[in-house]
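Below is one structure, written out as structure tokens; the observations come after it.
Computed from the coordinates by the stated procedures, all read-outs in this text should not be read as laboratory data. Computed from a predicted structure; not experimentally measured. As a convention, Cβ positions derive from the backbone with ideal geometry for all residues, glycine included, and neighbour counts pool all protein chains shown.
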Amino acid sequence: MGSRLTDSALYAHLWGTEELRAVFDERPRIQGWLDILIELARAQAELGIIPSGAAEAIARGAKVDLLDLGLVARETRRTGHSTLGLIRGLQRILPADAAEWVYYGATVQDLTDSWTAIAIRRVGAVAWRDLRAIERHLLDLAVRYRDTLMAGRTHGQPGAPITFGLKAAGWADEVRRHLDRLREGAPRWLVGQLGDAVGTLAFFGERGPGLRAAFCRRLDLTDPGISWPSARDRPAEFVYVLAMIAATLARIGNEVYELQRPEIGELREPAVPGAVGSITMPHKRNPEASEHLVTLARLVRAQADVMLEAMVQEHERDGRAWKVEWVAFPEACLLTGAALASAERILGGLEVDAEAMRRNLDAARGYLASERVLARLAPALGKHRAQALLQEVLAAGRGSGRSLAEVLAMSPEVVDVVPPEEIRALAEEPDAGSAGAMVETVVERAESARASEPDSWP
């Protein structure tokens with residue numbers, strides 16, 4: 001393995017998946033480039049630009065296993081050109097009458113941008129599949145815990161009752177929007193590149209547009225209609241969608257991380273047989289996978305910023321900006337793939353402690369019903385007067401150790417509006433408002449979308 005931690009034999013599993021390394025590792029990447037050169041030659045032969053025999057020879061010889069990669073590397077370093085080493089390595093194994101037709105009229109960006117679009121198709125397919133699996137887990141959680149009461153928290157403090165079903169439905173709804181983004185973005189992202197030196201297709205004369213159309217068709221990519229070597233919005237947008245996906249998964253992971261605290265104990269990520277939380281504190285069960293989702297999201301966001309920087313280009317080609325994608329794009333894809341795989345495992349085995357949720361809710365001694373009491377008092381006293389009254393009454397009550405019902409019953413202004421028996425009902429019977437109805441809306445909307453959309457992307 002490589003010298004980078006993300007390629008480490010010990011730690012690589014944390015920073016990518018084998019499925020996506022089969023796209024971005026060097027040998028499959030080179031084969032991907034060779035496959036593009038094969039289709040370029042076939043498209044050129046189809047239009048009579050190069051001999052058909054040369055295209056057939058290129059198709060037979062353009063195999064990474066036949067290349068002398070040592071020679072390719074040496075020539076790349078010697079010439080200082082990104083793909084001239086590859087060209088010369090390929091020429092070495094081709095018949096003389098085919099060697100001169102390799103890479104005919106194409107540029108580095110024609111090759112690598114088309115490969116990037118193909119990589120987007122493969123990464124997007126993984127994201128689509130895994131997001132739909134994650135959505136399935138979340139919808140099941142939302143239905144199962146539709147009415148399971150828990151404390152809703154704001155600014156890290158208990159606020160008012162919600163249900164865990166509402167929380168899971170909120171996550172599911174956000175995931176569904178990412179699926180929408182993937183579906184909507186596919187026509188913009190899956191676009192080929194063939195523009196020769198400065199994007200004019202002048203090398204191919206009047207046959208240029210037809211060649212580009214044939215080339216893109218063979219790669220199952222859309223013909224852009226215009227060359228785009230310095231327009232980097234396509235890969236930048238895709239990586240920004242990945243960053244948003246990773247951020248959503250981090251939000252979910254952060255919630256599991258926080259709610260797994262023993263003093264809260266409402267959620268736990270699934271236990272991994274043989275996992276060790278601490279080598280010095282054997283009692284610990286750390287939320288390692290959940291916290292790693294936050295780490296991965298930070299790294300993907302950093303790569304997204306690099307991709308955005310690459311949009312600022314100069315003239316018709318700018319290697320200073322464009323080549324940063326060579327590092328940032330694969331990193332973002334690998335890291336997001338790791339996040340998706342991890343989140344699917346977490347949510348597939350998430351442990352929900354409904355008793356702890358209710359226990360924590362009850363431990364507040366009714367004070368989480370203050371919003372409900374405020375809503376009851378506001379029509380009679382006015383919202384702002386009622387809020388000021390409750391602020392005063394509840395502050396005194398917290399210091400005395402009394403429950404909300406007890407404190408409210410001691411206030412003549414409150415009792416004058418709300419009878420004691422109603423006070424007890426407001427304080428002691430938690431109300432999650434329209435949480436259940438919103439869960440049903442999200443689930444129905446998502447199930448309808450899932451029934452009509454394909455299992456695969458695009």
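Reported to the nearest whole Å, the Cα centre-to-centre distance from region 315-393 to region 146-170 is 9.
Principal semi-axes of the equivalent ellipsoid, √(5λ) from the alpha carbon gyration tensor of region 106-188, are 39, 14, 8 Å from largest down. Close amide H partners of residue 222, meaning residues 5 or more places away or on another chain with modelled amide H under 5 Å apart, are 191, 192.
Hey, quick one: spin label on residue 316, modelled 7 Å out along Cα-Cβ, who in region 180-211 has an amide N within reach, i.e. under 12 Å? Answer for this model: 195-204. Its Cα gyration tensor gives region 1-132 an equivalent ellipsoid; the semi-axes, largest first and in whole Å, are 30, 19, 12.
Residues 383, 167, ranked from the fewest to the most other C-beta atoms within 10 Å, line up as 383, 167.
Counting only Cα atoms, the size of region 1-75 along its three principal axes is 51, 26, 15 Å, in decreasing order. For residue 152, the amide hydrogen comes within under 5 Å of the amide hydrogens of 159, 160, 162, counting only partners 5 or more places away or on other chains and with H modelled in the peptide plane. With one equal scatterer per alpha carbon and no solvent term, the Debye-computed log10 I(q)/I(0) for region 108-360 at 0.09, 0.10, 0.13, 0.16 1/Å reads -0.50, -0.59, -0.84, -1.09. With a ≥ b ≥ c taken as the square roots of the eigenvalues of the C-alpha gyration tensor of region 358-438, please select rounded if a/c is under 1.5 and otherwise prolate if a/b is larger than b/c or oblate if it is not? Here region 358-438 falls in the oblate category. Every helix of 4 or more DSSP H residues in the chain counts as -39500 (n - 2.57), and over all residues that averages to -20500 deg cm²/dmol at 222 nm. Take every Cα pair under 8 Å whose residues are at least 6 apart in sequence, average their separation, divide by the length of the chain, and the relative contact order is 18 percent. Phi angles of region 329-338 translate, via the Karplus equation with coefficients 6.51, -1.76, 1.60 and θ = phi - 60°, into HN-Hα couplings of 5, x, 4, 4, 5, 5, 5, 5, x, 5 Hz per residue; Gly and Pro are given as x.
Can you give the percent of C-alpha pairs in the chain whose distance is more than 27 Å?
That fraction is 64 percent.
Between 0 and 90 degrees, the angle of helix 69-79 with respect to the longest Cα principal axis of the chain falls at about 80 degrees.
Assuming R0 = 30 Å, what is the FRET efficiency of residue 251 and residue 450, from their Cβ-Cβ distance, to the nearest 0.05? For residue 251 and residue 450, the calculated efficiency is 0.85. Working note: Karplus 6.51/-1.76/1.60 with θ = phi - 60° gives region 95-100 the couplings x, 4, 6, 10, 4, 6 Hz, where Gly and Pro are set to x. State the extension gain, in nm to one decimal, for the chain segment bounded by residue 125 and residue 264, taking 0.36 nm per residue of separation less the distance between their alpha-carbons. Residue separation times 0.36 nm, minus the Cα-Cα distance, leaves 46.3 nm.
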